Amino acid sequence: MKQNVGGLDRTLRIIVGVVLVVIGAVFLSWWGIVGLVILFTGLLSWCPLYLPFGISTRHTHTEHQLHHH
């Protein structure tokens, strides 16, 4: 499983995931399940929906060096 979620994408997934899990728990709604999925994709830095499209928001160390030199 190659990581394809990084940076701001990962941070937002974790925050939104936690918020949705709390909302789901408080209101006993299915939003908690959606939140868990989003949270886990952030924690694992991997999103299966990105695979078919070849999307990655994770930058390698080499890419990071190329953009800043």
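The values are calculated or read from the model by the stated rules, or taken from the named source; none is laboratory data. Nothing here was measured: the structure is a model prediction, and the numbers come from that model. In this analysis, Cβ positions are derived from the backbone assuming ideal geometry, glycine residues included, and neighbour counts consider all displayed protein chains.
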Next on the checklist: loosely packed, with under 15 Cβ neighbours inside 10 Å, at pLDDT 95 or above and over 12 Å from the mean Cα position of the chain (by Cα): is that true of residue 28 in this structure?
Outcome noted: yes
Checklist entry - Residues of the stretch 1-17 being out of contact with any helix residue (DSSP H, G or I) (no Cβ under 6 Å at 6 or more places or on another chain) and surrounded by fewer than 17 Cβ atoms within 10 Å (Cβ to Cβ), which ones? => result 1, 2, 3, 6, 7, 8, 11, 12, 15
Item to check | Residues satisfying the stated conditions in the stretch 25-39, i.e. free of Cβ contacts under 8 Å to residues at least 12 places away in the same chain and farther than 23 Å from residue 51 by Cβ | outcome: 25, 26, 27, 28, 29, 30, 31
